[in-house]
Amino acid sequence: MRLSVLDLVPVRSDQSTSDALAATVSLAQTADRLGFTRYWVAEHHNMPSVGATSPPVLIAYLAAQTRQLRLGSGGVMLPNHAPLTVAEQFALLEAAAPGRIDLGIGRAPGSDPVTSYALRGGRDDRDIENFPEYLDDVVALMSARGVRVPLRSGDYRLKATPAATSEPRLWLLGSSMYSARLAAAKGLPYVFAHHFSGQGTEEALQYYRTHFRPSDLTPKPVTFLTVNASVAETADEARELMLPNLQMM
């Protein structure tokens with residue numbers, strides 16, 4: 001079994017944001033040393049106990065201080081950002097750390113409605129409705145061919161980076177059947193957020209595997225799932241370590 005880490009960069013009541021980031025660096029370096037596969041950071045906004053607001057910034061910070069871990073986003077909340085912005089950020093990360101970058105994309109806001117409204121510059125929820133198209137845009141923009149924009153004067157080519165030789169690994173995140181259907185239809189690797197509630201996991205993964213359509217990016221179904229895990233020498237110690245997270249939730 002391949003093990004990875006999802007880090008929300010928790011900011012404890014006796015910590016500053018700087019302290020929380022230092023703890024994240026230490027944890028990532030430990031995971032790197034122990035042979036973990038991936039280290040992903042989340043995107044949440046305006047939450048007093050969560051320091052992970054900008055996955056690409058954190059990924060760049062951690063890439064400079066680790067050696068072999070794949071680093072990625074769990075995830076980038078695409079409705080909060082222009083597809084070209086996301087594509088540029090992660091194409092640049094891939095150029096800086098080739099073969100080590102994952103782009104996990106989600107549809108949820110990652111915050112409350114007021115904060116989401118501010119992030120989107122006052123735009124309405126049509127960005128959520130356009131999520132499937134925006135997902136295609138990110139994929140195309142990060143590719144070597146880019147995106148063709150037809151103009152009266154002729155075709156205009158948009159690319160996330162001028163000379164890409166490799167692309168980040170794209171994953172679709174979800175916690176519902178919507179994401180399972182979309183990942184299967186587009187032939188994308190799929191991550192199920194089992195740590196949210198633990199409901200619907202088997203149904204979503206079964207649907208994804210049964211209805212998967214092979215793509216150039218992913219010829220066969222690929223999945224992993226996130227779980228809350230507490231590890232200690234004894235069950236009692238493990239339960240004690242779980243309490244702060246349970247109380248926060």
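The values are calculated or read from the model by the stated rules, or taken from the named source; none is laboratory data. Because the structure is predicted, anything quoted here is derived from the model rather than measured. Cβ: placed from backbone, ideal geometry, glycine included. Neighbour counts: every protein chain shown. In case anyone asks, the SASA skips ligands and DNA or RNA and just uses the protein heavy atoms, side chains included. Shrake-Rupley method; radii C 1.70, N 1.55, O 1.52, S 1.80 Å.
Annotations
- Average Cα contact separation per residue, the chain, under 8 Å, 6 or more apart, as relative contact order %: 13
- Protection proxy ranking of 151-157, 128-134, 4-10 - average other beta-carbon atoms within 10 Å, highest first: 4-10, 128-134, 151-157
- Cα-centred dipole magnitude for the chain, charges only on beta-carbon of K, R (+1) and D, E (-1), debye, nearest 20: 940
- Simple rule: put +1 on each Lys or Arg Cβ and -1 on each Asp or Glu Cβ in the chain, find the dipole, and look at Thr53, Leu243, Gln206; the Cα lying farthest toward the positive end is Gln206.
- Positive end of the dipole of region 4-174 (Cβ unit charges, origin at the Cα centre): among Leu173, Thr85, Leu158, the Cα lying farthest that way belongs to Leu158.
- Note on the chain: GNM, Cα springs under 10 Å; of Gly72, Gly198, Gly121, the largest mean-square fluctuation is that of Gly121.
- 0 to 90° range, to nearest 10: angle between helix 131-142 axis and the chain longest Cα axis: 80
- Accessible area per residue, Å², the chain with all protein chains present, probe 1.4 Å: 57
- Residue-span extension gain [Glu133 to Asp236] - 0.36 nm each, minus C-alpha spacing: 32.3 nm
- Between 0 and 90°, nearest 10: helix 201-211 axis offset from the chain longest Cα axis: 30
- Reduced Cα scattering model of region 4-174, Debye log10 I(q)/I(0), q = 0.09, 0.10, 0.12, 0.17 Å⁻¹: -0.33, -0.40, -0.57, -1.05
- Exposure of Met249 as accessible area (Å², to 10), given a probe of 1.4 Å and all protein chains: 150
- Ellipticity at 222 nm from helices only: DSSP H runs of n ≥ 4 in the chain, each -39500 (n - 2.57), divided by the residue count, give -12500 deg cm²/dmol.
- Region 119-214, relative contact order [Cα under 8 Å, separation at least 6], %: 19
- About its Cα centre, the dipole of region 2-137 is roughly 560 debye, where the only charges are +1 on Lys and Arg Cβ and -1 on Asp and Glu Cβ.
- The alpha carbon centroids of region 56-93 and region 137-165 are separated by 20 Å.
- Farthest toward positive dipole pole in the chain [+1 Lys/Arg, -1 Asp/Glu at C-beta], among Pro189, Ala229, Gly75: Pro189
- Cα→Cβ-extended label distance, 7 Å offset, between Ser153 and Thr85, nm: 2.6
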